[in-house]
Structures are given as C-alpha cells and as structure tokens.
Amino acid sequence: MTCGREVASFLHSLSVGVTGRSTTTSTTLTSTSGGTTPPCLQWRDVLVLHWKDVSDQWGVVTELQEAGIPVRVMDHDDIEDVVTARSDVVWVASGHRVRGLERKVVVCLEDPDYYFFRSYSFTSNRLDLMSRCTSQLVIVSPDKPLEGD
C-alpha cells in the first residue's frame, strides 16, 4: 500500500490528467485560442508493470484508486483497449502480458522475492521493462535486500 501511495504521489507530481486554463504565467499550460488546453500527459500514457500477476485487490491498485487515479487491472479480455489506449486509465499489468507495448511513462514495480538471486533474468526483466518507456521510467524497489545480499 505504501508503494501505491508513493506511485500516486509521483504521478500527481507529473500533473498527469491535469488541464490548464490560459493565463499569462509561464508555469501553467496555455493556449493561443484562449480555451482549455489538453493535458501534457494523460492517464492512458501511463503503464504500471509488475512481474507477478496482479488483481483489483492488490494494495498498489487500491491506493492508486484512493488517490483519485483512474486505474484498471488488465485482464486477457482487455488487450485491445490496452494496446489502443482507448480508455483514459492507468493500466496495471503483469509485465509478461504486454511485451512490446510502449507508453510515455512506465512504472516498474520490482519484488525482490520474485528474483531468487541476481541473475541474467533479473537484468533481462528490468531491461525489458525499460524498453517500453518512451519518456519517463520509474523503478520502484523496496528497501528489502535481495536474497543472498
């Protein structure tokens, strides 16, 4: 749950899903037409990945929802929506289900218990997640050391 709160805080700090009104200040989103501009980042631009299976009851998912982030856990029936980013939601998925899919922001949630030792698979999995990111990569790893450290 702590992880979910941290990820939510980070996503809010990126102003994901926030639109701005035209003003003269340089720190807000502005539009030459005087209207509301689209957000720089939308929720659909974010993908949260974990190497284990995830569910709607997972603490990370519930904390993202509590923080007001529209989030959905990918099921096998959702693949078309995930690929096309039709729904403006943060998709949470097991990394092996979305190989090759790219997003602007990728949040990689690592679990040291998943990796029994530092090996090629650990490095390979991390690189696999990094290759999906086009702008901002976030790697979240608990303080708990890997087994054998």
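Of all residues in segment 61-76, those that are modelled with pLDDT of 90 or more and assigned to a helix (DSSP H, G or I) total 6. For segment 6-23, a residue qualifies if it is assigned to a loop (DSSP other than H, G, I, E, B) and either modelled with pLDDT of 70 or more or open to solvent by 70 Å² or more (accessible area, probe 1.4 Å) (or both), and the qualifying residues are 14, 15, 16, 17, 18, 19, 21.
The values are calculated or read from the model by the stated rules, or taken from the named source; none is laboratory data. All values reported here derive from a predicted model rather than from experimental measurement. What goes into the accessible areas is simple: the full protein's heavy atoms, side chains included, and nothing from ligands, DNA or RNA. Shrake-Rupley method; radii C 1.70, N 1.55, O 1.52, S 1.80 Å.
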